[in-house]
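Visitor: Sharing a structure below in structure tokens format, with a few things to ask.
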Amino acid sequence: YFLDKSDKYDSRDVERLQQDDKWVENYLIWRHDVVDDTLKMIDESFQWRKEYTVNDLSESVLPKWLFEIGALFLHGYDKEGYKLFWFKVKHHTRDPKQQLDKKKLVAFWLEHYAKRDHGKPLTVVFDMAETGISHIDLDFVRFIVNCFTDYYPNFLTKIVIFEMPWIMNAAFKIVKGWLGPDAISMLKFTNKNDVQEYISGEYLPPHMGGTDSFKYSYPPLVDDDFQTPLCENGPITSEDEHESKEEIDADTKEAGELNEAQNLNQKKMNSIEQISKSEETDKTEVKPKNAKKALTTFKGPLLHISPAEELYFGSKETGEKKCLIALTNVTKNVVAFKVRTTAPEKYRVKPSNSCCEPGTSLDIIVSLHGGFAASLQDRFLIMAAEMDQSSGAGVPELTQFWKEVPRTKVMEHRLRCHVVESSKPSSLTLKENAFNIPAKTNEDLHIQLTHLLQINKRLEEQMNRCLWFQQLSVVLSLLSVTVAAFCFYLAYAQRS
């Protein structure tokens, strides 16, 4: 299918298609597993990707003013944990001469995020506060819609439209015509009273009824999730790493004493109950250091990082406040690392900016600051880069190193938080980890749910077709009976 049009595609996209099963699966899901439709979408999106040179889009090839106006950017998460792609409509003005560059900016942001988070879906927010007829640009809106419907498969969760002016109702009726039935269901028209059904106040600006003080700025290019840097050790404290480890040991001692007391009390129970209870106690009261070292490991070119994807925290009721991140240097050089978080006011990270000697391992202690609870929207970024042996490992040297190191030489890995709710005993989660049974992520569940909804929709369509044929058959039957009766009547009338 593709050989006839190979000159219309970027060879890097073709190579990725042959190697990336997840990408192929997303195309199939978005086209309801209909192979011909899937191939057509791949064909159209590949031609578009080459036309817009998507694989080569970077900060340097786009006009600086595009970033400065702040009409488009990524920031925050919705209540389902999906990244928010903001379009501040009031900052956009129609200008045919600038249209191509603005479209490339959309492609830049989408590609930037797709490569970073491996195509995890986005929620689009059209912030239409303080907009009017001068800001209406249907061609640009259609391009954004087409990016999700035709070029980036299974990449859209919903479109949240905030305070759409009544004068734009007619325009959005046209937009609905472009979306199709699947995407129309994703449209969410909101105002200040109901927008928090989809996005919590911590990621909404004040004019939308939220508390987010985030202000888009440029330069430098906002690293969206991690624009607010971790203030090296989270909230300022006088503790050092050694003291934090002593806290963990103290917690472990208390847990051990509780275990002993509980085991003594349980000796009076029958043997089966005693065994099951002791197993649960062992797994719930296990030493935090051991409990948080997950069996899954991310194997990067510079560091191996464990856990690979999620840090497990308890809810306010369960009270689990500390996790460990284990780093192992797999290079022959010293590796500098830095840990940043989306919520620096909540977490204390020790050490957050240091280095790891060749072939050695190091534990990073992540603890919740007093009174805070972990959130599913919280993220951690681990950055790592090789250092010269002569660079030195002091704070001034590390600060200068991170200012000078090229971004292309920095390894990045992201971790999200997993909150164990009080309704689900933490022993169940630990039990899953103990037997290395991977828990389903929100993304997996979203894909399965989307697949089920698509199957359900196809069944509904088939049922509707059957009902239509049934109604048509009834009408034709009634028409036949009527014609036959009329013929008999005419025949009878002639005879009489």
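The values are calculated or read from the model by the stated rules, or taken from the named source; none is laboratory data. Bear in mind the structure is a predicted one, so any value in this text is a computation, not a measurement. Methodologically, a virtual Cβ is constructed for each residue, glycine included, from the backbone with ideal geometry; neighbour enumeration extends over all protein chains shown. Ligands, DNA and RNA are stripped out before the accessible areas are found, and what is left, the full protein with its side chains, is counted by its heavy atoms. Shrake-Rupley method; radii C 1.70, N 1.55, O 1.52, S 1.80 Å.
Visitor: Return the total of residues in region 355-385 being within 17 Å of residue 304 (Cβ to Cβ), surrounded by fewer than 19 Cβ atoms within 10 Å (Cβ to Cβ) and small (Gly, Ala, Ser).
Guide: 2
Visitor: Return yes when residue 399 is of a type in the set (S, T, N, Q) and within 29 Å of residue 214 (Cβ to Cβ) and no when it is not.
Guide: Spelling it out, residue 399 is indeed of a type in the set (S, T, N, Q) and within 29 Å of residue 214 (Cβ to Cβ).
Visitor: Taking the criterion of being farther than 30 Å from residue 374 by Cα and either open to solvent by 50 Å² or more (accessible area, probe 1.4 Å) or at pLDDT 80 or above (or both), would at least one residue in region 410-425 satisfy it?
Guide: No, because not a single residue in region 410-425 is farther than 30 Å from residue 374 by Cα and either open to solvent by 50 Å² or more (accessible area, probe 1.4 Å) or at pLDDT 80 or above (or both).
Visitor: From the list 349, 335, 330, pick out the single residue that is open to solvent by less than 20 Å² (accessible area, probe 1.4 Å) and closer than 18 Å to residue 299 by Cα.
Guide: 335
Yes or no, residue by residue, for (1) among the hydroxyl-bearing types (Ser, Thr, Tyr); (2) open to solvent by less than 60 Å² (accessible area, probe 1.4 Å); (3) at pLDDT 85 or above; (4) out of contact with any Asp or Glu (no Cβ under 7 Å at 6 or more places or on another chain):
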site: 445; (1), (2), (3), (4): no, no, no, yes
site: 452; (1), (2), (3), (4): no, no, no, yes
site: 459; (1), (2), (3), (4): no, no, no, yes
site: 472; (1), (2), (3), (4): no, no, yes, yes
site: 477; (1), (2), (3), (4): yes, no, yes, yes
site: 483; (1), (2), (3), (4): no, no, yes, yes
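Visitor: Restricting to region 326-370, name every residue that is within 24 Å of residue 213 (Cβ to Cβ), of a type in the set (S, T, N, Q) and not in a loop (DSSP other than H, G, I, E, B).
Guide: Hit for region 326-370 is 341, nothing else.
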